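A.B. asks: This structure is in structure tokens; I'll ask about it shortly.
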Amino acid sequence: MRQIPYASPFAEPAGSPIRELFPYLSRPGMISLAGGYPSASLFDLPGLQEASLRAMANPGQSLQYCATEGLPALREALQALSASRGIRCGSDELIVTTGSQQAFDLLVRVLLEPGDGVYVESPTYPATLQALRLAQARIEQVPADDEGLQVERLEALLAETPPARRPKLLYTVPNFSNPGGTLLPAARREALVRLAIRYGFLIVEDDPYGALDFGTGAPRTLFEIGCELAPDDNPVIYLSSLSKTVAPALRIGWMVAPRELLRRCAIAKQTADLCTSSLAQAVAAEYLAGGRGPAAIAGMRAEYGKRMRHMVGALRDQLAGQVEFVEPAGGMFVWVRTDPAIEPRRLFEAAVDAGVLFVPGQAFFAADGDPHTMRLTYAAPDCEQISEGVARLARAFDRAGG
Ligand code: PMP
């Protein structure tokens with residue numbers, strides 16, 4: 001067979017650990033508490049249909065290429081949405097990306113050389129780890145606890161690292177993190193931004209879940225704090241997405257950052273996809289202009305909150321003493337620590353046999369992950385499926401522990 005001369009990051013690449021679970025999903029009757037899919041029953045179908053018709057009424061725009069930075073109407077709508085979250089930026093300080101996933105990938109390409117250090121909260125979103133590994137970055141894990149990134153630990157790490165080895169970037173999901181479901185408290189947010197200013201690193205604030213709170217709301221964004229503490233030199237780059245609040249198929253994300261950085265990201269984007277689908281952008285712009293978004297999101301918050309309480313109740317009833325977790329205040333995930341006496345591989349296999357899928361926690365660590373962990377989602381399954389899924393999980397615990 002022909003020897004293909006792969007570039008070194010792709011010589012022996014590891015794929016997404018979550019996407020590797022996909023084959024199990026097709027097993028008949030499988031209940032998935034695994035993927036980060038929003039609930040299909042909560043998509044605002046009438047609103048999206050109407051927005052699609054309006055978008056198609058202007059084919060010269062929606063079926064054409066558009067500016068790499070995004071359709072002006074969508075950029076303005078996203079600027080307004082960002083402003084409603086306290087993020088004020090100029091029109092040239094925001095670009096549209098193909099999912100917020102692409103925004104991070106562009107940042108990696110624009111900012112990192114092989115060997116450059118990046119701090120990530122740990123556990124963290126696996127696709128971030130994947131992007132960093134492919135860029136041959138040096139990943140430095142900063143532990144997160146039940147309140148998210150441990151900023152004090154970061155401060156200690158920074159102090160003990162020689163200046164030349166200090167990472168240039170830190171990645172965090174302060175609002176209802178993936179996988180931890182944690183919400184970073186206001187004091188930690190301010191301390192984190194102050195550290196970035198003091199030590200001169202950039203913060204990537206990834207915020208796909210902030211709008212999905214269950215009533216308490218989220219503290220101010222890191223971006224807003226950065227604007228206040230360093231108005232001319234904000235160290236925070238803000239990423240968000242319509243995937244969890246409108247629909248992931250639109251693939252609409254956005255990034256708010258200094259214009260010189262965005263100019264370089266736009267150049268990197270030109271070689272990735274020229275522009276995000278104009279049709280998707282036009283649909284998103286029409287949808288946001290239609291004004292139905294806030295009511296749809298309110299519906300999601302109520303339903304996800306209900307499903308979360310249902311899952312947490314079922315875990316408490318059926319797995320008491322075998323699992324530990326913190327009830328999330330928003331988002332889509334419960335991060336579960338499992339009884340250390342139970343062998344994680346056996347548990348996963350027993351769960352698949354019982355017809356329920358979860359994401360083994362190892363997927364969320366760059367190294368030295370705690371194997372006695374798992375991520376469960378309550379977003380896509382309904383309450384009935386959650387009950388049955390947790391019952392199956394309890395059977396798997398019995399089988400794996402016995
Ligand atoms: N960041 C985090 C933390 C996520 O959980 C996800 C999606 N699961 C993304 C980014 C990517 O979202 P998008 O669909 O906008 O690319």
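Every number in this text was worked out from the coordinates using simple rules, so none of it is lab data. Only a predicted model underlies this, so the values are computations on that prediction, with no experimental measurement involved. Here the Cβ is made from the backbone with ideal geometry for all residues, glycine too, and neighbour counts use every protein chain on show.
A.B. asks: Would you compute, from DSSP H runs of 4+ residues alone, the mean residue ellipticity of the chain at 222 nm, taking -39500 (n - 2.57) per run and dividing by the full residue count, rounded to the nearest 500?
C.D. replies: That comes out to -13500 deg cm²/dmol.
A.B. asks: Order these peptides, 207-219, 159-171, 257-269, 277-289, by their mean beta-carbon neighbour count within 10 angstrom, highest first.
C.D. replies: Answer by packing, highest mean first, reads 277-289, 207-219, 257-269, 159-171.
A.B. asks: May I ask you to list the residues of the range 309-334 whose amide nitrogen lies under 18 Å from a point 7 Å from Cα along the Cα→beta-carbon direction of R346?
C.D. replies: 322-323
A.B. asks: Provide T124, T68 in ascending order of the number of other Cβ atoms located within 10 Å of each residue's Cβ, fewest first.
C.D. replies: Fewest to most other Cβ atoms nearby, the residues stand as T68, T124.
A.B. asks: Using the Cα atoms of the range 201-243, I'd like the radius of gyration and the largest Cα-Cα distance, Dmax, both in angstrom.
C.D. replies: Every Cα atom of the range 201-243 included, Rg and Dmax give 11.6, 34 Å.
A.B. asks: Could you grab the relative contact order for the range 64-290? Cα pairs under 8 Å, six or more apart, rounded to a whole percent.
C.D. replies: Reported as a whole number, the value is 29 percent.
A.B. asks: By average Cβ neighbour count within 10 Å, what is the ranking of 127-137, 371-381 from highest down? Walk me through the intermediate numbers first.
C.D. replies: Details: 127-137: 19.6, 371-381: 24.3.
Packing order, densest peptide first, comes out as 371-381, 127-137.
A.B. asks: Going by Cα centres, the range 109-136 and the range 259-318 are how many Å apart?
C.D. replies: 23
A.B. asks: Quickly rank 383-396, 140-153, 16-29 as a protection proxy: mean count of other C-beta atoms within 10 Å, highest first.
C.D. replies: Output ranking for 383-396, 140-153, 16-29: 383-396, 140-153, 16-29.
A.B. asks: Which cross-chain or sequence-distant (5 or more) residues have an amide H under 5 Å from the amide H of L169, H modelled 1.01 Å from N in plane?
C.D. replies: Amide H neighbours of L169: Y119, L202.
A.B. asks: What list of ³J(HN,Hα) values in whole Hz, one per residue of the range 122-129 in order, does the Karplus curve 6.51 cos²θ - 1.76 cosθ + 1.60 (θ = phi - 60°) give from phi, with Gly and Pro shown as x?
C.D. replies: Result, ordered by residue: 9, x, 9, 5, x, 5, 5, 4 Hz.
A.B. asks: Over all alpha-carbon pairs of the range 291-343, lay out the pair-distance distribution in 5 Å bins, whole %, shortest bin first.
C.D. replies: For the range 291-343, the binned pair fractions read 4, 18, 23, 18, 14, 9, 6, 4, 2, 1, 0 percent.
A.B. asks: In the range 33-127, how does Rg compare with the Kirkwood Rh, expressed as the Rg/Rh ratio over alpha carbon atoms?
C.D. replies: Reported Rg/Rh, Kirkwood definition of Rh: 1.03.
A.B. asks: Hey, another quick one. In terms of the ratio Rg/(2.2 N^0.38 Å) built on C-alpha atoms, what value belongs to the range 254-402?
C.D. replies: My calculation over the Cα atoms of the range 254-402 gives 1.39.
A.B. asks: Quick one, can you get me the convex hull of the C-alpha atoms of the range 64-290 expressed as volume per residue in Å³?
C.D. replies: Once divided by residue count, the hull of the range 64-290 is 114 Å³.
A.B. asks: Quick one: divide the alpha-carbon radius of gyration of the chain by 2.2 N^0.38 Å and tell me what you get.
C.D. replies: Compactness ratio reported: 0.99.
A.B. asks: Can you put V336, V110, V120 in order of Cβ neighbours within 10 angstrom, beginning with the fewest?
C.D. replies: V110, V336, V120
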